[in-house]
1. Residue 37 is checked against (1) farther than 15 Å from residue 16 by Cβ; (2) modelled with pLDDT of 75 or more; (3) in contact with a helix residue (DSSP H, G or I) (Cβ under 7 Å, 6 or more places away or on another chain) and fails just one. What number does that condition carry?
2. What's the total number of residues in region 40-69 that are touching a residue at least 40 places away in the same chain (Cβ under 8 Å) and either touching a helix residue (DSSP H, G or I) at 6+ places or on another chain (Cβ under 7 Å) or loosely packed, with under 10 Cβ neighbours inside 10 Å (or both)?
3. Taking residue 48 and the conditions (1) at pLDDT 90 or above; (2) assigned to a loop (DSSP other than H, G, I, E, B), which numbered condition does it fall short on, given that it satisfies the others?
């Protein structure tokens, strides 16, 4: 049996990732938008988020603010 870890996902989720990338390339190409789309996808499936230190946390919060529509 092959060992797995948190970097593995299911095929339907990979299809959603591809859809996000295609939409991003066609519509926006704004890095903040794709950050938000992947963040929301992780939330949808209950995947964990990176543990941020104080400096990275402020950058993450700023990216979320910049990606608001």
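1. It fails just one condition, (1).
2. 1
3. Checking residue 48 against (1) at pLDDT 90 or above; (2) assigned to a loop (DSSP other than H, G, I, E, B), the one that fails is (1).
The values are calculated or read from the model by the stated rules, or taken from the named source; none is laboratory data. Because the structure is a prediction, the values reported are computed rather than measured. Here Cβ is always computed from backbone atoms with ideal geometry, including for glycine, and neighbour counts include all displayed protein chains.
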